[in-house]
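Below is one structure, written out as structure tokens; comments come after it.
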């Protein structure tokens, strides 16, 4: 049987880890999405080529993967 003190201690720790992980995720991805938005706007007006859009998509995906790996490597305790 799980004691209530164990549950009372672990729930705030889990919430703290989630808040920190979301903060890291948004902090790391905002510049990449800004770059993607700029390329999409340029593409809508015909100023960006297909290759620029592909490089922007691949760049966002690559940096999102690197950000996820960075978060996984952190210790939260």
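State which residue is nearest to residue 73 (Cα to Cα) when the search covers only the stretch 37-56 and only residues that are part of a helix (DSSP H, G or I) and in contact with a helix residue (DSSP H, G or I) (Cβ under 7 Å, 6 or more places away or on another chain). Walk me through how you get there before you give the answer.
So in the stretch 37-56, the residues part of a helix (DSSP H, G or I) come out as 37-44, 50-56.
Next cut, in contact with a helix residue (DSSP H, G or I) (Cβ under 7 Å, 6 or more places away or on another chain) only: 39, 43, 52-53, 56.
On the way: 39: 31, 43: 36, 52: 32, 53: 31, 56: 26 Å.
The extreme case among them is 56.
Quick check, is residue 59 modelled with pLDDT of 75 or more and not in a helix (DSSP H, G or I)?
no
Cβ-Cβ distance below 7 Å, separation of 6 or more or different chains: which pairs start in the stretch 1-27 with a residue that is closer than 30 Å to residue 66 by Cα and end on one that is surrounded by 10 or more Cβ atoms within 10 Å (Cβ to Cβ) and at pLDDT 75 or above?
Sorted first by the residue in the stretch 1-27, then by its partner, the pairs are 25/67.
From the list 4, 10, which residue is over 25 Å from residue 73 (Cβ atoms) and modelled with pLDDT under 80?
On the way: 10 fails: over 25 Å from residue 73 (Cβ atoms).
Every option except 4 fails the conditions.
What's the number of the only condition in (1) surrounded by 13 or more Cβ atoms within 10 Å (Cβ to Cβ); (2) within 30 Å of residue 16 (Cβ to Cβ) that residue 53 fails to meet?
(2)
Specify the residue that is surrounded by the fewest Cβ atoms within 10 Å (Cβ to Cβ); the eligible residues are those in the stretch 16-36 that are under 17 Å from residue 61 (Cβ atoms) and in contact with a helix residue (DSSP H, G or I) (Cβ under 9 Å, 6 or more places away or on another chain).
31
The values are calculated or read from the model by the stated rules, or taken from the named source; none is laboratory data. Predicted model only: the values in this text are computed from it and were never measured. Cβ coordinates were reconstructed from backbone atoms using ideal geometry, including for glycine residues, and neighbour counts include every protein chain displayed.
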